[in-house]
Amino acid sequence: MVKSYLRYEPAASFGVIVSVESNITYDSSGKHLLAPALEKVGSLLASGSKDNDIILWDVVGETGLFRLRGHRDQITDLVFLDSDKKLVTSSKDKFLRVWDLETQHCMQIVSGHHSEIWSIDVDPDERYLVTGSADLELRLFYNEKHELMSGESMVNVTAAKTGNDRELSTQNKWEVLKPFGEITRQSKDRVATVRFSKSGNLHACQVAGKTVELFLVLDEVQSKCEAKQRIKNRKKEKKSAKMEVEETENVEANHDTEGAGNTLVVKVPDVFKLLPTILVSKKICSISFCPVTPESSLASLALSLNNNLLEFYSIKSDGSEKTLSINLERTLSIELEGHRSDVRSVTLSSDNSFLMSTSHNAVKIWNPSTDSCLKTIDSGYGLCGLIVPHNKYGIVGTKDGEIEIIDIDNGTCSEVVGAHGGSVRSIATIPNGNGFVTGSADHDVKFWEYINQKPGQDSKSLTILNVRTMKMNDDVLVVAFSPDAKYVAVALFDCTVKCRNRFSSGHEILNLAEKLT
């Protein structure tokens with residue numbers, strides 16, 4: 001059978017009559033004039049995957065255009081350059097590749113990383129490209145096209161010094177990315193994501209942990225001022241060290257050479273300024289800059305955490321040009337009533353009126369009709385659970401081998417019973433009975449009976465009593481009953497399932513059966 005795919009069609013466009021880069025033409029009848037428009041909007045898509053290949057797609061035509069091959073490990077990130085004429089890709093093979101999409105060949109291979117490259121990004125003006133890996137440094141590259149357009153090519157400056165202009169121009173003909181420098185990161189965790197803000201004035205580095213490192217990106221005028229100030233500070237340091245006049249003049253001459261030809265050498269610290277680090281309580285999954293810059297702010301950054309939370313931070317400046325002062329403010333946190341860790345079990349009541357879910361530290365009671373959380377009850381690490389008939393109590397088996405009795409009406413844990421020597425992995429109610437059975441990692445299957453009143457107490461409250469134990473030869477993973485409650489099936493860690501007759505062990509079991517059925 002042919003697999004079908006969703007088809008996307010343009011809904012509407014406004015104010016566009018004809019494209020300036022294409023021709024118009026009449027049809028054969030002369031009644032219609034064909035005018036091309038919006039032929040470049042969203043028409044190209046690049047994808048990379050674990051098969052080490054990059055595929056370029058025509059979104060409008062819904063077809064693959066061509067495949068780019070060269071990386072030796074899976075693709076981790078990619079960005080377009082030069083108005084979508086070039087593509088830069090990163091891979092776990094520790095290399096960057098620059099592809100010419102018109103000729104469909106690799107123009108440049110960039111090395112330097114000592115570990116897998118996890119993320120890359122380029123600023124909106126395509127001045128700088130940043131790469132992040134497990135190395136302690138972020139590596140920066142500048143776009144050669146941008147440097148040539150600004151009239152300040154570092155290649156030409158070097159060529160003027162060496163006198164090998166023709167050699168260098170031939171050698172660097174296909175080099176799009178030039179090494180610019182490195183930024184030492186504060187965190188030792190590997191980089192997960194690097195992103196520029198939509199205006200390009202901020203850069204964020206998210207690590208595989210709880211921090212996001214922020215950098216202020218200065219424009220050309222500001223970075224040149226920083227470079228000049230850096231050189232002045234170095235001269236003052238030399239003078240304050242009471243160096244000899246001749247040595248000072250030599251140092252100044254060297255610095256003047258650095259800025260020869262009205263070209264000031266700008267370094268990484270002159271462009272990227274470290275800002276306060278965002279530290280959150282849980283591990284960060286992903287980050288994203290808001291495309292719209294709020295008033296009185298440099299940018300707004302959204303973070304998704306692995307405990308089911310979204311947090312938003314506003315990055316503000318004091319507006320002073322002489323001093324760098326940035327304030328980070330958490331403006332919003334979206335938090336629903338869900339669990340903050342993996343949900344390990346869910347069970348519905350007999351009348352489907354509510355649902356009980358367990359996780360590592362809480363039991364939650366839900367209304368499945370409205371998707372709302374009715375109660376949250378502190379508990380141990382719940383691995384399994386069931387709701388007692390009449391829907392007044394819940395039973396939870398924990399990782400510590402305990403059974404917790406949950407009072408659903410009051411929203412409390414009424415009793416904790418030490419049941420097993422290992423984690424309780426499965427609970428099954430006995431059909432038409434007055435109890436349940438538990439399976440544990442301690443190789444035991446235990447039968448329990450409900451008792452509606454504790455001895456010595458006046459008020460009625462549910463408790464349980466262990467009435468039988470079945471020994472298994474391996475960890476118990478799942479227990480289940482037949483509909484007539486005659487047989488119990490036990491799945492073990494040794495990849496076997498054992499089926500036992502509940503009534504096969506003598507008079508004591510028959511008495512229990514009379515109580516339970």
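The values are calculated or read from the model by the stated rules, or taken from the named source; none is laboratory data. From a predicted model like this one, the values you see are computed outputs, not experimental measurements. Cβ sites come from the backbone with ideal geometry, for glycine too, and all protein chains shown count toward neighbours. Keep in mind that these areas ignore ligands, DNA and RNA; they rest on the heavy atoms of the full protein, side chains included. Shrake-Rupley method; radii C 1.70, N 1.55, O 1.52, S 1.80 Å.
Checking each residue in segment 216-255 for being more than 30 Å from residue 277 (Cβ to Cβ), at pLDDT 80 or above and not in a helix (DSSP H, G or I) picks out no residue at all.
Count of segment 359-379 residues, restricted to those that are surrounded by 18 or more Cβ atoms within 10 Å (Cβ to Cβ) and assigned to a loop (DSSP other than H, G, I, E, B), is 2.
Among the residues of segment 380-397, write down those that are farther than 17 Å from residue 343 by Cα and open to solvent by less than 20 Å² (accessible area, probe 1.4 Å).
Keep residues of segment 380-397 that are farther than 17 Å from residue 343 by Cα, which gives 388-393.
388 - this is the single residue of segment 380-397 that is farther than 17 Å from residue 343 by Cα and open to solvent by less than 20 Å² (accessible area, probe 1.4 Å).
Yes or no, residue by residue, for (1) under 23 Å from the mean Cα position of the chain (by Cα); (2) assigned to a loop (DSSP other than H, G, I, E, B):
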| residue | (1), (2) |
| --- | --- |
| 295 | no, yes |
| 302 | yes, no |
| 310 | yes, no |
| 315 | yes, no |
| 330 | yes, no |
| 333 | yes, no |
| 339 | yes, yes |
| 357 | no, no |
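Applying the set (1) within 16 Å of residue 55 (Cβ to Cβ); (2) in contact with a Leu (Cβ under 8 Å, 6 or more places away or on another chain); (3) buried (at least 21 other Cβ atoms within 10 Å of the Cβ) to residue 110 leaves exactly one unmet item: (1).
Identify the residue in segment 194-215 that is hydrophobic (A, V, I, L, M, F, W, C) and over 15 Å from residue 129 (Cα atoms) and, among all such residues, is surrounded by the fewest Cβ atoms within 10 Å (Cβ to Cβ).
Looking only at segment 194-215, we keep the residues that are hydrophobic (A, V, I, L, M, F, W, C), and these are 194, 196, 202, 204-205, 207-208, 212, 214-215.
Add one more test, that the residue is over 15 Å from residue 129 (Cα atoms), and what stays is 207-208, 212, 214.
Values: 207: 23, 208: 16, 212: 23, 214: 22.
Step by step, filter segment 194-215, then rank; the result is 208.
Number of residues in segment 31-83 that are surrounded by fewer than 12 Cβ atoms within 10 Å (Cβ to Cβ), among the polar types (S, T, N, Q) and either without any contact (Cβ under 8 Å) to a residue 24 or more places away in the chain or closer than 19 Å to residue 111 by Cβ (or both): the value is 2. Just the residues that are over 11 Å from residue 377 (Cβ atoms), open to solvent by 10 Å² or more (accessible area, probe 1.4 Å) and under 37 Å from the mean Cα position of the chain (by Cα), please, taken from segment 404-425. Once the filter is applied, which keeps residues that are over 11 Å from residue 377 (Cβ atoms), open to solvent by 10 Å² or more (accessible area, probe 1.4 Å) and under 37 Å from the mean Cα position of the chain (by Cα), segment 404-425 yields 422, 423, 425. Given the structure, is residue 400 at negative phi, open to solvent by 10 Å² or more (accessible area, probe 1.4 Å) and among the acidic types (Asp, Glu)? In short, yes. Candidates in segment 277-297 are the residues that are more than 20 Å from residue 193 (Cα to Cα) and modelled with pLDDT of 80 or more; of these, the one that is surrounded by the fewest Cβ atoms within 10 Å (Cβ to Cβ) is 292. Close Cβ contacts (under 7 Å, 6 or more residues apart or on different chains) running from residues in segment 176-188 that are open to solvent by 100 Å² or more (accessible area, probe 1.4 Å) to residues that are in a strand (DSSP E or B) comprise 179/141; 186/213.
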